[in-house]
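Read the structure below first, then the notes.
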Amino acid sequence: MYKRDLQREIHWREERDTKQADAWLRSEGIAPETLAQIDSLLVKAQRIAHNCITHQRELLTARELDTLTRYLQSMQTRKTRRRIKAKRTHEVMNIGNRVNRQLFRQLRQMRQVRQVKQLQQEMQSKRNQAPPQANNRQPET
């Protein structure tokens, strides 16, 4: 292969990878154009807020939903993004942590119920398989 063919292939792969990364960032609720300009803590809180609203909306209270929605709205423009305080960012992250704890608690309860059902089924199958014990003892005279 010629050098320019290699360069063209490298450029094509770079464009393809960039498009894939941009699509993933958009699916996480992050604008790829502004990623380099935003503090990483703000981006992390934005991702948490977006995921909570899209995937765990039923676990949020009305106040938490309002807080997350307002945070995402303020992340839209540079002017309002500069005004976001660390306290507000940590509040969003705390909401995300609470939702995660609640999800893990629900998962643990589901697993425990499943284990109890499995044990009950095993006990039932053992009872059905065991032959009845006959009382063959002769009475003493």
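The values are calculated or read from the model by the stated rules, or taken from the named source; none is laboratory data. Bear in mind that the values here come from a model prediction, so they are computed numbers and not experimental data. Cβ sites come from the backbone with ideal geometry, for glycine too, and all protein chains shown count toward neighbours. Just so you know, the surface numbers come from the protein's heavy atoms only, side chains and all, with ligands and any DNA or RNA stripped out. Shrake-Rupley method; radii C 1.70, N 1.55, O 1.52, S 1.80 Å.
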ask   = So is Gln20 polar (S, T, N, Q), assigned to a helix (DSSP H, G or I), open to solvent by 50 Å² or more (accessible area, probe 1.4 Å) and free of Cβ contacts under 8 Å to residues at least 40 places away in the same chain or not?
value = yes
message = Quick check on Val113: is it at pLDDT 95 or above, out of contact with any strand residue (DSSP E or B) (no Cβ under 7 Å at 6 or more places or on another chain) and either hydrophobic (A, V, I, L, M, F, W, C) or closer than 30 Å to Glu33 by Cβ (or both)?
response = no
key: From the options Gln56, Gln7, Gln37, Gln76, residue that is over 19 Å from the mean Cα position of the chain (by Cα) and touching a residue at least 40 places away in the same chain (Cβ under 8 Å)   = Gln37
query = Pick from the stretch 28-37 the residues that are open to solvent by less than 40 Å² (accessible area, probe 1.4 Å) and touching a helix residue (DSSP H, G or I) at 6+ places or on another chain (Cβ under 7 Å): which of them is nearest to Arg81 (Cα to Cα)?
reply = Ile30
inquiry  = Let me spell it out: the conditions are (1) under 29 Å from Ala45 (Cβ atoms); (2) open to solvent by less than 60 Å² (accessible area, probe 1.4 Å); (3) at pLDDT below 95, and Val99 meets all of them except one. Which number is the exception?
reply    = (3)
Count - residues of the stretch 38-51 that are in a helix (DSSP H, G or I) and open to solvent by 80 Å² or more (accessible area, probe 1.4 Å) = 3
message = Let me spell it out: the conditions are (1) open to solvent by less than 40 Å² (accessible area, probe 1.4 Å); (2) free of Cβ contacts under 8 Å to residues at least 24 places away in the same chain, and Met110 meets all of them except one. Which number is the exception?
response = (1)
query = Which residue, of Leu25, Leu35, Leu59, Leu6, is modelled with pLDDT of 90 or more and of a type in the set (A, V, I, L, M)?
reply = Leu59
query = Based on what the data block shows, is Leu25 touching a residue at least 12 places away in the same chain (Cβ under 8 Å), open to solvent by less than 50 Å² (accessible area, probe 1.4 Å) and part of a helix (DSSP H, G or I)?
reply = no
remark   = Residue hits (the stretch 58-67; exposed (fewer than 12 other Cβ atoms within 10 Å of the Cβ) and in a helix (DSSP H, G or I)) are Glu58, Ala62, Arg63, Asp66
